[in-house]
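Following this message is one structure expressed as structure tokens.
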Amino acid sequence: MSAVERLQTLKGQLTNGKKAGNNNDNKFRFTLNDPTLTEEQRESYERNGFLLIRNLVPHDLLDTWSQRFRDICDGKVDSGRITLVKDISLAKSGATGERLYNKIQDFMWDDVLFRFCALPEVVKYVNCFTGPNAMAVHTMLINKPPDAGTETSRHPLHQDLHYFPFRPADRIVCAWTAMERVTKENGCLVVLPGTHYGTLLPHEYPEWENGVNKMYHGVKGVDGHDRIHVEMQKGDTLFFHPILIHGSGANRTKGFRKAISTHYAASECNYIDVRGTSQENIAKEVEELAKKRGTPLDYVDVWRYRSRLVSGDAINL
Ligand SMILES: O=C(O)CCC(=O)C(=O)O
């Protein structure tokens with residue numbers, strides 16, 4: 001049994017095994033009354049800020065999306081509005097394609113990859129956190145090619161809310177699905193359980209010897225906190241809260257480590273002005289990049305542009 005499952009089981013022993021909901025909603029802050037989650041699962045998310053669901057996404061779909069990623073990286077299909085991001089060390093080494101790109105994002109208008117965002121198996125869990133009207137607000141397929149020996153394939157510890165100009169945080173959730181087996185060796189997710197009860201902390205670029213990938217901001221001062229390496233099998237999906245502190249390790253193997261993820265927010269969430277807050281640094285960086293690319297949008301518009309409804313009555317309008 002993995003560390004995550006031990007934690008989830010321990011939590012289950014403290015509850016009476018009833019289905020979620022009914023008369024005891026007041027003890028739940030982070031999850032909604034939806035029969036998809038058992039009471040144990042709700043309790044576990046409430047306490048830890050994440051929930052692991054095994055074998056949720058069919059393997060044939062994951063293989064199709066892996067191939068789509070390779071085709072986009074190799075320029076075989078039109079990448080449309082998708083952004084391709086390179087690992088800084090691999091860019092210097094002359095690598096190409098899947099060996100170079102560590103991420104594609106903004107695939108909400110790609111018919112093949114968007115299927116992940118709207119997958120009923122995933123959305124039924126998402127709705128337990130967002131409610132019925134869920135929008136895909138951030139889409140990524142994260143690849144870790146074998147590390148160049150510089151450890152730049154690490155992702156510093158951070159809170160995803162740092163990037164988001166909308167609230168409330170409790171109605172936002174990430175679904176992160178392993179596209180192959182992810183382990184400590186190839187750079188699985190690392191989570192700090194319970195940190196979703198905290199506040200949004202200031203983020204900046206970590207001072208790593210060999211540099212850090214673009215926009216990979218991190219938090220400081222969490223060195224002594226318990227952490228869990230979330231090892232997962234292909235198709236397993238981790239749902240987690242946007243204030244949960246997490247990151248991932250370097251890929252020290254010769255293979256790839258891929259995951260597909262979508263952040264969802266309730267369509268009822270409000271946009272906020274991040275000027276004068278700790279999020280100002282990332283907002284400026286994103287706005288400067290948008291300007292350089294010839295699409296000078298302000299930060300909130302960047303996020304509006306990325307969003308697409310996946311569930312709720314308005315989906316059929
Ligand atoms: O997939 C990973 O390695 C980490 C991704 C992550 O935490 C993020 O993009 O916010």
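The values are calculated or read from the model by the stated rules, or taken from the named source; none is laboratory data. For clarity, every value in this text was computed on a predicted model and none was experimentally measured. Every residue, glycine among them, receives a Cβ derived from its backbone with ideal geometry; neighbour counts consider all protein chains shown. For accessibility, only protein heavy atoms count, side chains too; no ligands or nucleic acids. Shrake-Rupley method; radii C 1.70, N 1.55, O 1.52, S 1.80 Å.
Go through (1) in contact with an Asp or Glu (Cβ under 9 Å, 6 or more places away or on another chain); (2) in a strand (DSSP E or B); (3) open to solvent by 30 Å² or more (accessible area, probe 1.4 Å) and name the single condition Glu98 misses.
Failed condition: (2).
Within region 58-76, track down each residue that is of a type in the set (Asp, Glu), open to solvent by 70 Å² or more (accessible area, probe 1.4 Å) and part of a helix (DSSP H, G or I). Write out each step before concluding.
Of the residues in region 58-76, the ones of a type in the set (Asp, Glu) are 60, 63, 71, 74.
Filter again for open to solvent by 70 Å² or more (accessible area, probe 1.4 Å), leaving 60, 63, 74.
Asp60, Asp63, listed by residue number.
Would you mind stating whether Ala265 is away from the ligand (no atom under 16 Å from the Cβ) and open to solvent by less than 50 Å² (accessible area, probe 1.4 Å)?
Details: away from the ligand (no atom under 16 Å from the Cβ): no; open to solvent by less than 50 Å² (accessible area, probe 1.4 Å): yes.
No: the conditions fail for Ala265.
On to the next question. Within region 130-167, how many residues turn out to be near the ligand (Cβ under 10 Å from one of its atoms) and assigned to a loop (DSSP other than H, G, I, E, B)? Don't jump to the end; show me each part of the working.
Within region 130-167, the first condition is being near the ligand (Cβ under 10 Å from one of its atoms), and the residues that meet it are 138, 140-144, 153-160, 162-163.
Now drop any that are not assigned to a loop (DSSP other than H, G, I, E, B), which leaves 153-154, 159.
Of the residues in that region, 3 qualify.
I would also like to ask the following. When only residues in region 37-57 that are open to solvent by 40 Å² or more (accessible area, probe 1.4 Å) and in contact (Cβ under 8 Å) with a residue 60 or more places away in the chain count, which is farthest from the chain's Cα centre (by Cα)?
Arg47
Considering only region 216-243, state which residues are more than 10 Å from the ligand (Cβ to nearest atom), touching a Leu at 6+ places or on another chain (Cβ under 9 Å) and farther than 13 Å from Cys188 by Cβ.
Gly218, Val219, Lys220, Gly221, Val222, His225, Asp226, Gly235, Thr237, Phe239, His241, Ile243
State all residues of region 187-215 that are part of a loop (DSSP other than H, G, I, E, B), open to solvent by 10 Å² or more (accessible area, probe 1.4 Å) and near the ligand (Cβ under 10 Å from one of its atoms); if no residue qualifies, say none. Working first, answer last.
If we filter region 187-215 for residues that are part of a loop (DSSP other than H, G, I, E, B), which is where we start, we get 187-188, 192-194, 198-203, 205-215.
Right, trim to open to solvent by 10 Å² or more (accessible area, probe 1.4 Å) and you get 193-194, 198-202, 205-212, 214-215.
Matches in region 187-215: Met215 only.
Condition (residue is in contact (Cβ under 8 Å) with a residue 24 or more places away in the chain, closer than 11 Å to His263 by Cα, touching a Pro at 6+ places or on another chain (Cβ under 6 Å) and outside any strand (DSSP E or B)) applied to region 118-129: is it met by at least one residue?
Checked region 118-129: no residue is in contact (Cβ under 8 Å) with a residue 24 or more places away in the chain, closer than 11 Å to His263 by Cα, touching a Pro at 6+ places or on another chain (Cβ under 6 Å) and outside any strand (DSSP E or B).
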